[in-house]
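> Please see the structure below; I have some questions.
Please treat every number below as a calculation from the coordinates, not as lab data. Predicted, not measured: the structure shown is a model, and the values here were computed from it. Using ideal geometry, Cβ is built from the backbone for each residue, glycine included, and neighbour counts are taken over all protein chains shown.
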Ligand code: 13P
């Protein structure tokens, strides 16, 4: 049985005051909605680097079962890489996870499969969990190239890791056309791609059964339950809706059986 994971990706959205209000809102909503976190999904918030410590401290003080993650990392440990942040720095800040190869990084920062694989290998050499994003564009989907594109991205990643790494790896299927658009893949569309990714993982090794595959792309309180009920959808990577604590909590509660 795979432990489901509900991860918020705040992207470049946060401030000291907004973060404090988010935690207050989440605590309040969990009381109002009567949520029992025990036995529920793992909950994670991937927040901008300047707020890692503040968020960890706010979470600790409110005794919430939430871990903090990052949204990108450099593939080197240290050195002359102005503006970059490394895995050892994240480990020292007690981060648990890092998103890699998000389509926004592929699109705006020119990240290639090769670079993303290097980052994954670096993260796997630490105690952090890599959440590796893959996904097709609208023209890929319309041109019936979804599986070709996903296979290329997943195989590029799998060619660089060991079969024993599959247990710790998390893959996020994020169709680009569904990100921030309000368009969501139907549960069946998402499951079809997740099942395909599962096959690729299993071809690498039997521990592919343990790899969690998250869905991301306009997941919200209304569509979360149907998506999360699919066999190979092991959680969600949530952008916009994770900025609203009440909505994020509703998605969390959709993952509680
Ligand atoms: P939205 O949930 O805003 O569509 O963003 C998804 C995403 O990119 C998460 O990484």
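> Cut-off is 10 Å between beta-carbons; in what order do 230, 12 appear when sorted fewest neighbours first? Display every interim value, and only then the final one.
Details: 230 18, 12 7.
With the sparsest Cβ surroundings first, the list reads 12, 230.
> Run the simple label-point estimate for residue 78 and residue 112 please: 7 Å along Cα→C-beta, distance reported in nm.
Label at residue 78, label at residue 112, 2.9 nm between them.
> For 102, 152, 194, what's the fewest-to-most ordering of other Cβ within 10 Å of each Cβ? Show your work: numbers first, answer last.
Details: 102 27, 152 14, 194 24.
The most exposed by this proxy come first: 152, 194, 102.
> Which number do you get for Rg(Cα) / (2.2 N^0.38 Å) in the chain? Working shown, then result.
Numbers: Rg = 17.2 Å, N = 257, 2.2 N^0.38 = 18.1 Å.
In units of the globular-protein estimate, the chain measures up at 0.95.
> Using a 10 Å cut-off on Cβ atoms, rank the peptides 37-47, 198-208 from the highest mean neighbour count down.
Working: 37-47: 19.5, 198-208: 16.9.
Put in order of decreasing packing, that is 37-47, 198-208.
> Sticking with this structure for a sec: When the helices in the chain are scored as -39500 (n - 2.57) per DSSP H run of 4 or longer and the sum is shared across all residues, what 222 nm value do you end up with, to the nearest 500 deg cm²/dmol?
-11500 deg cm²/dmol
> May I pose another question? If segment 107-237 were replaced by its equivalent ellipsoid, with semi-axes equal to the square roots of 5 times the Cα gyration tensor eigenvalues, what would those be, largest first, whole Å?
Numbers: eigenvalues 102, 57, 39 Å².
The three semi-axes for segment 107-237 are 23, 17, 14 Å.
> Under the 0.36 nm per residue contour assumption, what length would be gained going from the current alpha-carbon distance of residue 62 and residue 226 to full extension?
56.0 nm
> Would you please give the FRET efficiency between residue 137 and residue 96, computed as 1/(1 + (r/R0)^6) with r the Cβ-Cβ distance and R0 = 35 Å, to the nearest 0.05? Present the calculation step by step, with values, prior to reporting the outcome.
Working: r = 30 Å, r/R0 = 0.86.
Computed FRET efficiency for residue 137 and residue 96 comes out at 0.70.
> What distance in nm separates the simple spin-label points at residue 256 and residue 21, each placed 7 Å from Cα in the Cβ direction?
Roughly 2.6 nm, to one decimal.
> Would you mind computing, in nm to one decimal, how far apart the modelled labels at residue 195 and residue 127 are, each placed 7 Å from Cα along Cα→Cβ?
3.9 nm
> Taking Cα centroids, how far is segment 210-257 from segment 1-20 in Å?
So the separation of the two Cα centres works out to 12 Å.
> For a footprinting-style exposure proxy, rank 52, 108 by other Cβ within 10 Å, fewest first.
On the way: 52 21, 108 9.
Sorted ascending by nearby Cβ count, the order is 108, 52.
> Give me the tail of P(r) for segment 191-238 as a percent: Cα-Cα pairs with distance above 16 Å.
Numbers: 419 of 1128 pairs.
Percentage above 16 Å: 37.
> Where Rh denotes the Kirkwood radius from the mean inverse Cα pair distance, what is Rg over Rh for segment 42-139?
Numbers: Rg = 14.0 Å, Rh = 14.1 Å.
Rg/Rh: 0.99.
> State the volume of the convex hull built on the alpha-carbon positions of segment 96-182, expressed per residue in Å³ and rounded to an integer.
Details: hull volume 8.7 nm³, N = 87.
Cα convex hull per residue, to the nearest whole number: 100 Å³.
> P(r) tail for segment 68-112, what percent of Cα pairs lie past 12 Å?
On the way: 617 of 990 pairs.
When all Cα pairs of segment 68-112 are counted, 62 percent exceed 12 Å.
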